[in-house]
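One structure below.
FYI, it's all coordinate maths here, none of it is from the lab. All figures in this text were calculated on a predicted structure; none of them were measured in a lab. With ideal geometry, Cβ positions are generated from the backbone for all residues, glycine too; neighbour counts draw on all protein chains shown.
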Amino acid sequence: MISILRVDDRLIHGQVAVVWSHYLGVNRIIVANDEILDNKVQIMALKMSVPDGVKPFFVSVEQGIKLMNNPKSANLKIMVVVNKPADALKIAQSVPNIPLINLGNYGRVGAENMKNKKQLSKNIFVTEDDEKVLKDLIATNIKVNVQPVPSDPDVQLSSLI
């Protein structure tokens, strides 16, 4: 069962691996990202961030959707991490029963041109295209929040757009 679908530029890092995984009690982290599959060094580094007792999977978005829709997944506590809203939208439209889409950190990593981005929160910077995708995410009727860590305020994305 999916506990959370998180959008985070950095994929797995301290906020994800330590804070959220412990808070949610997950035993699986699925990183659904088409680009990462070609970067074995990045996958190795991200695996080192995963706490003991949590099994990571690094798959394409399509493979991730198949994994999440597999009936065997219903017995697991899964955190799904993507690095862009478009991938979150694709998953949200293809996988039932996602309780929460969480925006943690987005728009700063690899961002050469910040002047074309709108700041929605301390950690969220979006282009016009990103904003359209985020509105589509809100339209899925899945709760979408901005909350870097569980102890931060739970801010509904709809209040920021």
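Here are a few things to note about the model shown:
- Convex hull volume per residue, computed on the Cα atoms of the chain, equals 104 Å³.
- Residue ranges 144-154, 6-16, 22-32 sort as 6-16, 22-32, 144-154 when ordered by packing (mean number of other C-beta atoms within 10 Å per residue, highest first).
- Among beta bridges from DSSP that stay inside the chain, the antiparallel ones total about 20%.
- Listed from fewest to most Cβ neighbours within 10 Å, the set 44, 68, 1 follows the order 44, 1, 68.
- Degrees, to the nearest 10: 128-139 long Cα axis against longest axis of the chain: 60
- Think of the range 2-150 as a dipole: +1 on every Lys or Arg Cβ, -1 on every Asp or Glu Cβ, centred on the Cα centre; then among 121, 31, 148, 148 lies furthest on the positive end.
- Helix axis angle, 40-49 relative to the chain longest principal axis, alpha carbon, degrees: 80
- The range 44-161 - charge dipole about Cα centre, Lys and Arg +1 at Cβ, Asp and Glu -1, debye rounded to 20: 180
- Taking 47, 122, 143 in turn, the Gaussian network model of the chain (Cα-Cα springs below 10 Å) assigns the largest fluctuation to 122.
- Order of 49, 159 - criterion: other Cβ atoms within 10 Å of each residue's Cβ, fewest first: 159, 49
- Between the alpha-carbon centres of the range 42-74 and the range 87-107 there is a gap of 15 Å.
- Prolate/oblate/rounded call for the range 12-73, Cα gyration tensor, a/c under 1.5 rounded: oblate
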